[in-house]
Every structure is written in C-alpha cells, then in structure tokens.
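To keep things clear, I will list the structure first and then write my remarks on it.
The values are calculated or read from the model by the stated rules, or taken from the named source; none is laboratory data. Just so we're clear, the structure is a prediction, and the values are computed from it rather than from any experiment. We place every Cβ from the backbone using ideal geometry, glycine too, and count neighbours over all the protein chains shown.
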C-alpha cells in the first residue's frame, strides 16, 4: 500500500479508516471485558466518530467500484464463490448494498492474475464477519489490500494447490483396519467378562 500511488477516489483513506474501526471495536470489547466503564464509553464514542468518517470517505470509492461491476454472468460466478467460501454470511453479503462493488473488486483481482475464489477465501479467513454491519464492504477493503500484492506465479500456484490437496487429504478420516471394524456383540462382551 505504501509503494502504490494514492488513488484519487480516496480508497486508501477508506481502507485506513476500515482498519481503525476494527481497532476501535476491539478496544471497546477489551475494556468491556475488564469492566473499564469510562474507557469503554470513550472507545465506543471514538468508534462512532471513525465510522462516520468512514461512511463519508468510502462513499465515492464504493460508487466507483459499483460502476465497474461485471456483467450478470460474472456476478453470478462470484455469488457462487461467496456461497462456497462463507456460507454462513453469504445471504448478508449478497444483500449488502455494496455487493456490486465487491464483484468489481473480485473482477479486478482476477484481471491482474489473482484467483478470485482463493483471494476471497483468504480475506474471509482474516477475521470473522459476525459483527459487521456491511460484510461486503469489509471484504472489499480486505481484497483491496491483498489484491495490491503481486499475483502468485504459476509455480507458486502449483505449490499452493499441492499444499491444499495435502491438507484436505490429511483432514479426511482414515478407514480403520478390517479387524478393528469388527463390532462386539453382547455375547462377545459376555464371553470376555468370564
């Protein structure tokens, strides 16, 4: 982000404010957990101020992204990715007013060589979306940050695919040996007790 030239629409500032919102929300929860009433109140007030600044700063970048949203077929493909990657939040994301902007961010990432589904998965794993009012906006700024990185080379993508395959194979339960599959009957249990 520091090496990239600033965008004229204020997207960089909106990303900074988005990160500040995360920090303020964490501070508020931290103080609440420790019963620091005054600090919690101050953190909550600061959170409201930063959210207001964010709403103002993010308006134009989100409009610009919505205007570049892909055609219906592309949006449908990205909706499928969302349903696969974040099924618990998919309907909220698809109903978010910034859904079109999110499809635009995914398309942009794909155009510069990233795998949109993998990038969406990485952004969704960064932090839960449970406490967000506008999950599509949160994903947009996360995608923006990750999308600024160079796209992985073909060799790196092959390595990622191998590691993903190995991780999935390791997660599948192995079949017990045939001898271990034999179930004890009540007669077997009775015989063993003698």
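Report yes if residue 32 is part of a helix (DSSP H, G or I), in contact with a helix residue (DSSP H, G or I) (Cβ under 9 Å, 6 or more places away or on another chain) and at pLDDT 90 or above, otherwise no.
yes
For residue 119, are the conditions met, namely being within 24 Å of residue 160 (Cβ to Cβ), at pLDDT below 95 and not in a loop (DSSP other than H, G, I, E, B)?
yes
What residue, among those in region 30-54 that are exposed (fewer than 13 other Cβ atoms within 10 Å of the Cβ) and under 27 Å from the mean Cα position of the chain (by Cα), is farthest from residue 13 (Cα to Cα)?
Step one: of region 30-54, the residues exposed (fewer than 13 other Cβ atoms within 10 Å of the Cβ) are 33-35, 37-38, 45, 48-49, 52.
Remaining after also requiring under 27 Å from the mean Cα position of the chain (by Cα): 33, 45, 48-49, 52.
Details: 33: 30, 45: 20, 48: 17, 49: 15, 52: 13 Å.
Looking at residues that are exposed (fewer than 13 other Cβ atoms within 10 Å of the Cβ) and under 27 Å from the mean Cα position of the chain (by Cα), I get 33.
Take the residues of region 122-160 that are in contact (Cβ under 8 Å) with a residue 60 or more places away in the chain and in a loop (DSSP other than H, G, I, E, B): which is farthest from residue 103 (Cα to Cα)? Even if it seems obvious, please write down each step before you answer.
Narrowing region 122-160 to residues in contact (Cβ under 8 Å) with a residue 60 or more places away in the chain: 127, 131, 137-138, 140-141, 144-145, 148.
From what is left, the residues that are in a loop (DSSP other than H, G, I, E, B) are 127, 131, 148.
On the way: 127: 20, 131: 22, 148: 16 Å.
Only one residue tops the list, namely 131.
Answer with yes or no whether residue 27 is part of a helix (DSSP H, G or I) and under 17 Å from residue 131 (Cβ atoms).
yes
Here is a list: 95, 158, 154, 90. Which entry is over 24 Å from residue 20 (Cα atoms), at pLDDT 90 or above and surrounded by fewer than 15 Cβ atoms within 10 Å (Cβ to Cβ)? Can you show your working first?
Working: 158 fails: at pLDDT 90 or above; 154 fails: at pLDDT 90 or above; 90 fails: surrounded by fewer than 15 Cβ atoms within 10 Å (Cβ to Cβ).
The conditions single out 95.
Right, residue 57: at pLDDT below 90 and under 21 Å from residue 143 (Cβ atoms) or not?
So residue 57 fails the test.
Which ones in region 86-116 are within 15 Å of the chain's Cα centre (by Cα), in a helix (DSSP H, G or I) and closer than 23 Å to residue 154 by Cβ?
106, 109, 116
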